[in-house]
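Quick notes on the structure that follows.
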Amino acid sequence: MSGYDVIVVGAGPAGMAAAAASAEAGCRVRLLDDNHSTGGQIWRRASGETRDSLSHGKEFLQCVDRLREAKAEIRSGTRVVAQPRPGSLRVEHENSWSDLQYERLILATGAREVFLPFPGWTLPGVMGAGGLQALVKGGLPIAGKRVVLSGSGPLLLAVAAELARRGAHIEGVYEQASLGSLIRLSAGLIGHPRKIVEGLRYRNSIRSTPYRAGSWVTEAHGSQRLASVTVCCGGKLREIRCDFLGCGFHLTPNLELPRLLGCQIEAGSVSVDAEMRTSVAGIFSAGELTGIGGLEKALIEGEIAGRAAAGKPTAHLHRRRERLVTFGRNLDTAFRVREEIATLSRDETVICRCEDVKRSALATAQSWREAKLHTRCGMGPCQGRVCGPASAFLFGWQPDEIRPPSMPASLATLAAPCENESRIDLFDRSKMDHESDTRL
Amino acid sequence: MATREQQPRVETITATLNGRAIEAPAGTSVAAAIMMHNAHCRIGVCGEPRGPLCGMGVCMECCATVDGVEHVRTCQALLRDGMEIVTG
């Protein structure tokens with residue numbers, strides 16, 4: 001049988017908590033993720049890390065243990081590409097595909113960094129802040145390398161601390177938000193002692209590193225790869241030599257799958273009720289998708305969604321969630337990107353990195369659709385995941401409707417008929433992991 | 001390799017990058033392996049070298065040909081023994 005009571009898409013904190021809660025309530029649960037192991041971005045394991053040496057804490061291990069005990073089926077390296085019919089997801093795993101049937105679906109696809117264009121941002125060595133951290137956890141040697149972090153959001157400080165711990169020379173952290181914004185945010189942290197402790201711990205670990213508010217990278221320099229950046233700090237420009245630049249402007253939810261499935265989106269996140277139900281019957285959503293809010297919000301929302309999908313009461317969790325939702329909204333306000341950032345790109349600066357569409361080519365377009373039709377902006381393999389949010393910020397364009405596939409997929413996956421039963425053995429239980437979690 | 005000296009128990013993976021033998025510790029992503037050997041991942045439409053941006057399978061900047069399969073998101077693939085990686 002390929003049918004599940006609950007399918008959860010995304011194995012970060014929200015998805016793991018949701019899958020665990022549903023499975024504990026007796027549901028047959030399948031947890032899918034496109035990365036090679038569970039944990040999502042925040043719980044990404046570094047290569048060689050063991051259960052004892054994990055840099056992130058007990059909550060991850062609790063989720064791993066709960067999933068194992070409740071016998072939730074985990075499948076990593078699996079991408080959802082389409083919904084052939086309601087109640088069915090077409091997924092791709094390595095080079096094969098399958099259709100999975102569900103009664104209830106929980107979407108927990110998380111968030112990505114917002115990348116905004118500036119001259120030189122396409123040079124190898126310029127990455128997202130989280131992107132650089134992911135590469136380092138994936139084995140990129142960083143000891144002794146000079147790193148600049150820039151953009152916006154709490155991630156910058158967290159990445160600086162992690163990379164410094166691994167021996168990187170952090171040349172500076174340049175946060176575009178004003179000092180006033182950061183002070184207002186800190187004042188609102190009174191009810192969130194854990195966040196204060198976390199922030200202080202990060203700051204303390206990079207004491208000797210400059211952290212500048214109201215500052216940003218204006219340009220990256222280099223011929224074949226990054227050699228230096230120019231930063232604007234207190235109105236003055238300064239060049240800093242570096243090996244890597246990690247630059248991301250806070251986070252944006254990965255809305256492609258919820259939009260493909262017809263879930264209502266409001267103000268850039270999935271609309272949900274108190275039990276995490278979306279506007280589509282049987283589909284729930286949790287974590288960053290419902291608004292950027294971080295780990296604690298993701299865990300509590302996952303718990304609520306997982307319980308609600310299994311028909312269990314959730315009312316005792318609602319108040320805690322509300323407080324964390326408010327915290328997330330305060331983050332959005334504090335790290336709202338200033339307009340000066342929109343003026344960094346020049347006529348010759350690439351906006352769409354997949355198709356190399358330059359800013360000058362977009363000058364006359366009135367909408368995202370027009371830009372796509374006339375210039376191929378947003379038509380490349382990332383399907384506008386990078387230049388979509390960038391052009392929304394630069395030009396105020398709204399995204400179009402999403403059409404399948406939600407991710408590039410092989411022709412065989414796309415062309416296959418609905419529900420080919422013979423394919424189901426691909427997901428044979430005997431081959432099922434915890435495979436990726438055995439070393440934990 | 002510094003990483004190997006720090007973690008002597010970690011197994012070493014041998015693969016090829018554009019026909020040249022490379023080594024990296026087990027658990028290394030293909031994207032990290034490409035970067036640590038000073039290669040870019042792909043060539044942009046206008047001929048510029050490109051490397052990873054998002055590190056999480058979203059931006060497609062790290063795509064390369066792995067074991068004959070084109071457009072593999074190398075940040076989401078783990079390096080395996082005997083793997084043949086060809087960059088743009």
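Values in this text are rule-based calculations from the coordinates and carry no lab data. Every value quoted in this text rests on a predicted model; they were computed, and no experiment measured them. All Cβ positions, even for glycine, are placed from backbone atoms using ideal geometry, and neighbour counts span all protein chains on display.
So between A:Lys71 and A:Ile196, what do we pick up on full extension, going 0.36 nm a residue minus the alpha carbon distance? Mind dumping the intermediate values first?
Values: separation 125, 0.36 × 125 = 45.00 nm, distance 3.60 nm.
Fully extending the segment from A:Lys71 to A:Ile196 adds 41.4 nm.
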| remark: To the nearest 10 degrees, the tilt of helix A:58-69 (Cα long axis) against the first principal axis of the alpha carbons of chain A is 20
| message | For the pairs A:Lys236/A:Lys372; A:Lys58/A:Lys195; A:Lys195/A:Lys236; A:Lys71/A:Lys312, flag any whose C-alpha to C-alpha distance is greater than 25 Å. | response | A:Lys236/A:Lys372; A:Lys195/A:Lys236
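Using the 10 angstrom Cβ neighbour count as an exposure proxy, how do A:Ser269, B:Ser29, A:Ser205, A:Ser186 rank, fewest first?
Values: A:Ser269 21, B:Ser29 27, A:Ser205 16, A:Ser186 13.
Ordered by Cβ neighbours within 10 Å, fewest first: A:Ser186, A:Ser205, A:Ser269, B:Ser29.
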| remark: For region A:354-369, in residue order, the Karplus 3J(HN,Hα) values (coefficients 6.51, -1.76, 1.60; θ = phi - 60°; whole Hz; Gly and Pro = x) are 5, 9, 6, 8, 8, 4, 4, 5, 9, 4, 9, 5, 9, 8, 4, 4
| request: Kindly put A:Lys358, A:Lys312, A:Lys71, A:Lys58 in sequence by how many other C-beta atoms sit within 10 Å of each C-beta, fewest to most. | output: A:Lys58, A:Lys71, A:Lys312, A:Lys358
| message | What whole-number distance in Å separates the alpha-carbon centres of region A:166-226 and region A:295-326? | response | 30
| field | Residue among A:Gln176, A:Tyr4, A:Gly125 farthest towards the positive dipole end of the protein assembly as shown, charges placed on Cβ | value | A:Gln176
| note | With Cα coordinates, the longest principal axis of chain A makes an angle with the long axis of helix A:193-205, in degrees rounded to 10, of 50
| said: Inside 10 Å of the C-beta atoms of B:25-36, what's the mean count of C-beta atoms belonging to other chains? | reply: 6
| Given 37 °C and 0.692 mPa s, how large is the Stokes-Einstein diffusion coefficient of chain A in µm²/s, with Rh as the Kirkwood radius over Cα pairs? | 145
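Please average, across the residues of A:139-149, the number of beta carbons from any other chain that are within 10 Å of each residue's own beta carbon, and give a whole number.
Numbers: counts 17, 12, 10, 0, 3, 1, 0, 0, 0, 0, 0.
Mean partner shielding for this stretch: 4.
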| task | Please order A:Ser285, A:Ser279, A:Ser181 by the number of other Cβ within 10 Å, starting at the fewest. | result | A:Ser279, A:Ser181, A:Ser285
| note | Of all DSSP beta bridges with both partners in region A:117-273, the antiparallel percent, nearest 5, is 45
| Average other protein chain Cβ within 10 Å of Cβ, residues B:38-50 | 4
| With axes computed from alpha carbons, what is the tilt in degrees of helix A:154-165 against the longest principal axis of chain A, rounded to the nearest 10 within 0 to 90? | 80
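Which FRET efficiency value, to the nearest 0.05, do you get for B:Thr12 and A:Arg403 by plugging their Cβ-Cβ distance into 1/(1 + (r/R0)^6) with R0 = 35 Å? Provide the component values of the computation, followed by the final result.
Details: r = 44 Å, r/R0 = 1.27.
Calculated value: 0.20.
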| Spatial separation of Cα centroids for region A:58-115 and region A:338-391, in angstrom | 31
| field | Top positive-direction residue, dipole computed over region B:12-86 with Cβ charges, set B:Gly47, B:Leu78, B:Pro25 | value | B:Gly47
| said: Nothing charged except the Cβ atoms of Lys and Arg (+1) and of Asp and Glu (-1): what's the magnitude of the dipole of chain A about its Cα centre? Round to the nearest 20 debye. | reply: 1140
| field | J(HN,Hα) series, region A:231-240, from Karplus relation 6.51 cos²θ - 1.76 cosθ + 1.60, nearest Hz, glycine and proline x | value | 10, 9, 10, x, x, 9, 9, 9, 9, 10
